[in-house]
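Some notes on the structure that comes next.
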Amino acid sequence: MSQKEINLLEDFEQKIKDDVKIEPKNWMPEKYRKTHIRQISQHAHSEIVGMLPEGNWVSRAPTLRRKVALLAKVQDEAGHGLYLYSAAETLGITRDELFEQLHSGKAKYSSIFNYPTVTWADIGAIGWLVDGAAIINQVMLTNTSYGPYARAMVRICKEESFHQRQGYEIMMTLCNGTEEQKEMAQDALNRWWWPSMMMFGPTDAESTHTAQSMEWKLKRKTNDELRQMFVDQTKPQADLIGLTIPDKDLKWNEERGKHDFGEIDWEEFWQVVKGHGPCNKERIAARVKAYDEGKWVRDAAMAYAEKQAQKEAATQPISKTA
Ligand code: FAQ
């Protein structure tokens with residue numbers, strides 16, 4: 001390493017230590033750049049793939065009010081994808097490259113979106129549990145070390161918080177309804193609980209990236225710490241609406257001041273991550289179709305931008321171009 005590189009590295013490390021944000025034009029180690037492209041793009045992919053299971057219910061929402069709220073939520077997820085793809089692009093990768101990685105299976109997206117939404121209660125469970133888990137993970141990211149990622153997360157968290165409440169309100173309404181509606185809510189909780197627990201990723205002992213990401217302050221809390229927060233937050237919410245979390249080992253531990261909980265089926269988690277979940281193929285096929293069908297829109301926008309640029313160049317005063 002040359003003296004210049006040593007100085008740059010020292011300057012970078014000092015910024016991390018002092019909680020000064022790293023910005024796109026600042027020098028950064030190549031591994032920091034690559035790790036951020038990996039995580040931010042996987043996060044962006046999760047947002048837009050996450051639109052699919054919910055989009056499935058837009059036309060079947062039980063009332064106009066529910067339809068409007070769900071439509072707004074699905075549109076929000078598209079917006080989150082856009083901020084995050086833009087943040088990833090500041091690290092020197094193009095949007096097309098990112099989509100290619102998603103479509104070819106090179107890039108991951110959250111395992112949770114490979115499960116089907118079979119009843120209306122699933123929309124409640126996704127808002128309550130999936131957005132609930134997402135917020136816990138993402139609040140810490142508002143304080144992450146890379147500036148564009150941290151700033152994107154501030155707005156995303158505000159919107160996720162609305163999503164979580166609309167989901168919980170759906171569950172609450174079902175629980176206050178008929179016996180059949182309450183059963184539907186319990187059935188959705190039974191199916192979504194464990195996949196939601198898996199969203200936080202492998203245990204700290206198995207996590208390949210946590211140690212380095214904590215050092216860079218990309219992550220501020222580990223996978224297991226966040227999972228524990230999720231359990232402690234969600235259990236009283238389930239109690240309040242009379243639902244039972246499907247985990248016989250879940251109980252309050254007085255000594256730890258936290259809940260103990262059962263073992264996650266890690267075999268299922270890795271199968272889903274590797275592409276063998278119930279809906280992996282369907283999700284990727286839907287994304288590829290949307291990308292192909294949107295080609296004319298991208299082409300038209302590019303042609304318009306080029307025309308505008310030509311017009312502007314032609315009308316520029318001579319003094320400016322000379
Ligand atoms: N699914 O070493 P770690 C949302 C992979 S957004 C699939 O622990 P890391 C909003 C991981 O990539 C939900 N793969 O990795 C919404 C790595 O593989 P790689 C998404 C997973 O990065 C709501 C390997 O396992 N949120 O829900 C998963 O330090 C409703 C080893 O793992 C984010 O992306 C998983 N669950 O920690 C939208 C938040 N977990 O890359 C619509 C930002 C791990 O080496 C509707 N991301 N893997 O090939 C993060 O905080 C982190 O990336 C973690 C994983 C915590 C997800």
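The values are calculated or read from the model by the stated rules, or taken from the named source; none is laboratory data. Being a predicted model, the structure only gives us computed values, none of them experimental. As a convention, Cβ positions derive from the backbone with ideal geometry for all residues, glycine included, and neighbour counts pool all protein chains shown.
Within segment 81-97, can you find the residues that are in a helix (DSSP H, G or I), free of Cβ contacts under 8 Å to residues at least 60 places away in the same chain and either within 12 Å of the ligand (Cβ to nearest atom) or farther than 30 Å from residue 121 by Cβ (or both)?
Taking segment 81-97 and keeping what is in a helix (DSSP H, G or I), we get 81-89, 95-97.
Checking the rest, the ones that are also free of Cβ contacts under 8 Å to residues at least 60 places away in the same chain come to 81-82, 85, 88-89, 95-97.
Correct list: 81, 85, 88, 89, 95, 96, 97.
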Problem set entry | From the options 78, 69, residue that is under 21 Å from residue 284 (Cα atoms) and either among the acidic types (Asp, Glu) or not in a loop (DSSP other than H, G, I, E, B) (or both) | 78
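May I ask you to say which residue of 266, 216, 296, 252 is loosely packed, with under 14 Cβ neighbours inside 10 Å and either among the hydroxyl-bearing types (Ser, Thr, Tyr) or within 16 Å of the ligand (Cβ to nearest atom) (or both)?
Details: 216 fails: loosely packed, with under 14 Cβ neighbours inside 10 Å; 296 fails: either among the hydroxyl-bearing types (Ser, Thr, Tyr) or within 16 Å of the ligand (Cβ to nearest atom) (or both); 252 fails: either among the hydroxyl-bearing types (Ser, Thr, Tyr) or within 16 Å of the ligand (Cβ to nearest atom) (or both).
Just a single option satisfies the conditions, and that option is 266.
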Exercise. If you go through segment 23-36 one residue at a time, do you hit one that is part of a helix (DSSP H, G or I), over 20 Å from residue 137 (Cβ atoms) and within 11 Å of the ligand (Cβ to nearest atom)?
Worked result: yes
Problem set entry | Residue within segment 59-69 that is within 11 Å of the ligand (Cβ to nearest atom), touching a residue at least 24 places away in the same chain (Cβ under 8 Å) and crowded, with 18+ Cβ neighbours inside 10 Å present | no
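Quick check on residue 246: is it in contact with a Leu (Cβ under 9 Å, 6 or more places away or on another chain), closer than 24 Å to residue 112 by Cα, away from the ligand (no atom under 11 Å from the Cβ) and in contact (Cβ under 8 Å) with a residue 40 or more places away in the chain?
Values: in contact with a Leu (Cβ under 9 Å, 6 or more places away or on another chain): yes; closer than 24 Å to residue 112 by Cα: yes; away from the ligand (no atom under 11 Å from the Cβ): yes; in contact (Cβ under 8 Å) with a residue 40 or more places away in the chain: yes.
It is true that residue 246 is in contact with a Leu (Cβ under 9 Å, 6 or more places away or on another chain), closer than 24 Å to residue 112 by Cα, away from the ligand (no atom under 11 Å from the Cβ) and in contact (Cβ under 8 Å) with a residue 40 or more places away in the chain.
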Exercise. Of all the residues that make up segment 104-131, how many are assigned to a loop (DSSP other than H, G, I, E, B), near the ligand (Cβ under 10 Å from one of its atoms) and either touching a Ser or Thr at 6+ places or on another chain (Cβ under 8 Å) or of a type in the set (S, T, N, Q) (or both)?
Worked result: 3
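From the list 112, 48, pick out the single residue that is modelled with pLDDT of 95 or more and under 15 Å from residue 286 (Cβ atoms). Write out each step before concluding.
Working: 112 fails: under 15 Å from residue 286 (Cβ atoms).
From the options 112, 48, the qualifying one is 48.
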For this session: Evaluate the following for residue 226: is it within 21 Å of residue 128 (Cα to Cα), among the aliphatic types (A, V, I, L, M) and within 11 Å of the ligand (Cβ to nearest atom)?
Result: yes
